Every structure is written in structure tokens, then in C-alpha cells.
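Peer 1: A single structure is presented below for examination.
Quick note: the coordinates plus some simple rules give every number you see, no bench work behind them. Fair warning: this is a prediction, and the values are worked out from it, not measured in the lab. We place every Cβ from the backbone using ideal geometry, glycine too, and count neighbours over all the protein chains shown.
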Amino acid sequence: MSDTPNDPAAAAAGQTPGQEPSEEEIRAYLGQLREAPVDQVLSEILSALLNAAQVKLGRRDGRLLIDLVGGLIEGSRAALDDEFTGQVDEAITQLRLAQVEAEGQVGGEEQPNDVDASVLAAGGSDAAGGGADTGAEQARSRLWTP
């Protein structure tokens, strides 16, 4: 288990950061997770990734997180409520615009602990689109047109 302040397992088990949960608490958390509706699990994961992308704006890993959310929402759209997917689509659009603006402010400078540029060039579209894109679709996905 992680000792980060936002560890959902620790929060669900009533743990404070740095305190290891007991085996019983872990089993209780896993039981809650097992019983949770899939749309709730997906919503929490997507929300966490959107929050992380917002924090990472201007960095290459911010772009990676935004693309990841885009791929996940496309792959799970059928399992999610239309209102939620609309909100996520809007958030992705806003984050992409903010990302481009923030990248302009950073000016392409290397950021500490940022993802390597080759990760985005080689696999950005594959991560978001399942890997079956044609060359034209890959190029279009990298344009980031809202």
C-alpha cells in the first residue's frame, strides 16, 4: 500500500498517511471495491486522471494523461452515463486547450521527471486508441484538434 495522502485504499480504511492498513482493513477495502458498480470505479479512475492531468499542464506527461483519459472514455463509453461522458469530453477539450497554452508558456523546456518525448511520439496514439490506428488516424490524433 502507498503512503501518499491521496491513497484511496488508506482513505477507505480510515488510515492516515504513513500508517499501514491491517490485513482485515485491506480485505474490507477489496470487498467494497468488488461490490462497487463498474461505472463508479471508472468514474473515480477517470476523475483521478483528469485531476493529475490538470496538475501536469504544460508538461509532456500532462499530454500523456489527457490522451489516456481520452482513450479510456472511448473504451468505456457504453458502460457510463451520457451525462458523465459529456462532462469528461468537455474536461478533455478544456484540458487540451490549457495544455497547448501551458506548453507555449513553458517554451518546450525540459521538466524534471517528465515523460520522455519519444514516449509520446511512439505510443501516444496507441495508448489512447488501442493500437489499431492507420497512419492517418495516428497523425490526426497527435494534432490535438478539439
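Peer 1: Set Lys and Arg Cβ to +1 and Asp and Glu Cβ to -1, take the dipole of the stretch 57-105 about its Cα centre, and tell me which of Val88, Val69, Ala102 lies farthest positive.
Peer 2: Going by the Cα projections, it comes out as Ala102.
Peer 1: Gain in length, Thr93 to Ile45, computed as 0.36 nm per residue apart minus the alpha-carbon separation, to one decimal in nm?
Peer 2: Numbers: separation 48, 0.36 × 48 = 17.28 nm, distance 1.81 nm.
The span from Thr93 to Ile45 would gain 15.5 nm if fully extended.
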